[in-house]
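Trainee: Handing you a structure now.
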Amino acid sequence: MDRVEHIRDFKSFLNNNRDKLMDMTVSIENLPADDDWIQDGEWDEIYEKEGLMDVY
């Protein structure tokens with residue numbers, strides 16, 4: 001991908017590659033309990049701050 005110069009370029013990239021991105025995502029339920037990402041407490045703070053704790 002070429003360098004993104006504008007937000008609209010990035011939005012276009014996301015829109016054009018939505019299926020590929022969704023295929024590559026990993027649900028948190030599928031991660032092992034000892035995964036570093038899960039054990040990083042910073043994510044809980046971010047989710048709480050954004051009001052997303054009930055979603056995740």
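Trainee: Got a number for the accessible area of E29? Probe 1.4 Å, square angstrom, nearest 10.
Mentor: 150 Å²
Trainee: Ordered by residue, what ³J(HN,Hα) values in Hz, to whole numbers, does the stretch 6-12 give under the Karplus form 6.51 cos²θ - 1.76 cosθ + 1.60, where θ = phi - 60° and Gly and Pro are x?
Mentor: Running phi through 6.51 cos²θ - 1.76 cosθ + 1.60 with θ = phi - 60° gives 9, 4, 4, 5, 5, 4, 5 Hz.
Trainee: Considering only protein heavy atoms, what is the solvent-accessible area of I38 at a probe of 1.4 Å, reported in Å² to the nearest 10?
Mentor: Its accessible surface works out to 60 Å², give or take rounding.
Trainee: Any chance you could run the full-extension gain for R8 through L31? It's 0.36 nm times the residue separation minus the Cα-Cα distance, nm to one decimal.
Mentor: Values: separation 23, 0.36 × 23 = 8.28 nm, distance 3.25 nm.
Extra length from R8 to L31 when fully extended: 5.0 nm.
Trainee: Run the dipole for the stretch 1-49 about the Cα centre, Lys and Arg Cβ at +1, Asp and Glu Cβ at -1, nothing else charged, and hand back the magnitude in debye, nearest 20. Kindly include the intermediate steps, with their values, before the conclusion.
Mentor: Values: 6 positive and 14 negative charges, 114 e Å.
Charge dipole of the stretch 1-49: 540 debye, to the nearest 20.
Trainee: Rank K20, K49 by accessible area, highest first, at a 1.4 Å probe radius?
Mentor: Numbers: K20 130, K49 170 Å².
In descending accessible area the options line up as K49, K20.
The values are calculated or read from the model by the stated rules, or taken from the named source; none is laboratory data. The model shown is predicted, which means the values in this text are computed figures rather than measured ones. With ideal geometry, Cβ positions are generated from the backbone for all residues, glycine too; neighbour counts draw on all protein chains shown. For accessibility, only protein heavy atoms count, side chains too; no ligands or nucleic acids. Shrake-Rupley method; radii C 1.70, N 1.55, O 1.52, S 1.80 Å.
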